[in-house]
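The values are calculated or read from the model by the stated rules, or taken from the named source; none is laboratory data. Given the structure is predicted, the values throughout are model-derived calculations rather than measurements. For neighbour counting, all protein chains shown are included, and Cβ atoms are generated from backbone atoms with ideal geometry for every residue, glycine included. Heads up: the accessible areas ignore ligands, DNA and RNA and are worked out on the full protein's heavy atoms, side chains in. Shrake-Rupley method; radii C 1.70, N 1.55, O 1.52, S 1.80 Å.
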Amino acid sequence: MSTEPPPTGSGQPPDDDPFRKPPPTNQGGGSPYDSGPGQNPYDNTAPPPPPYGGTPYGAGGPGQGDPLAGMPPLAESGRRVLARIIDMILVGIVVGLLSWAFDITSFSTDGDSINAGKQAGSSILTAVLYIAYDVFLTARTGQTLGKRLMKLRVANLDNGATPNMQANLIRALVLWVPFAFCCACIWTAICGGWSFFDKPYKQGLHDKAAKTVVVSSG
């Protein structure tokens, strides 16, 4: 079997992703004589408890069918907000410096003209930088710098793995395109603030679009 990770956009996390859930194991079924060589068929030693509580990744028991079974606890919405503010400040500094360098820091509405070109350039620059920041960092480790500081991580809802490039792009587009071109902080508050009220997965609107959740990493 090839050990190379699947190509970008394949929809599958790499096999060596440390956060990916292992496939469910067959527990309690079959004959005791089905044990492999060297195993005692009468050894009824219980398996070790699964990480983070619950059942081992949804295999059997009360947690069966729950995609969160075996995953770290969901992130507190307040910590998510702090992480997002940190990210916005960091990327905002870069946006401001580049806007100043390319003279697209402001536009005028006085008189009979509107400098639409500068406004469009500023919006495009803002969208590209915020989307690129979110997509590439989250695709690598599931964490932006803000999430790393707040000990949070983005994970696929179905298997706990780090989302691939495609999922992260969907997530970033839903969050940052309206922010850059029309609604700014209002959209960010709505999109991210949705996690305060969403049950049971505490997803923002961008999480729902990408089928992701944010969990604690520490």
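Sum up the charges of everything whose Cβ sits under 10 Å from the Cβ of LYS211, counting Lys and Arg as +1 and Asp and Glu as -1, but leave LYS211 out.
0
All other residues with a Cβ under 11 Å from the Cβ of ASP87 taken together, and with Lys, Arg as +1 and Asp, Glu as -1, what is their net charge?
Result for the local shell: +3.
Using a 1.4 angstrom probe and counting only protein chains, how large is the accessible area of ARG79 in Å², to 10?
Only protein atoms counted, so the area is about 90 Å².
Output wanted: per-residue J couplings in Hz (rounded whole) for the stretch 151-158, from phi through Karplus 6.51 cos²θ - 1.76 cosθ + 1.60, θ = phi - 60°, x for Gly and Pro.
Going residue by residue, I get 6, 10, 8, 7, 9, 5, 5, 7 Hz, with x marking Gly and Pro.
So what's the gap between the Cα centers of the stretch 134-148 and the stretch 161-184, to the nearest angstrom?
Their Cα centres are 12 Å away from one another.
Once you put a point 7 Å from the Cα of PHE136 and another 7 Å from the Cα of GLU76, both along the Cβ direction, what distance in nm separates them?
If labels sit at PHE136 and GLU76, their model points lie 3.3 nm apart.
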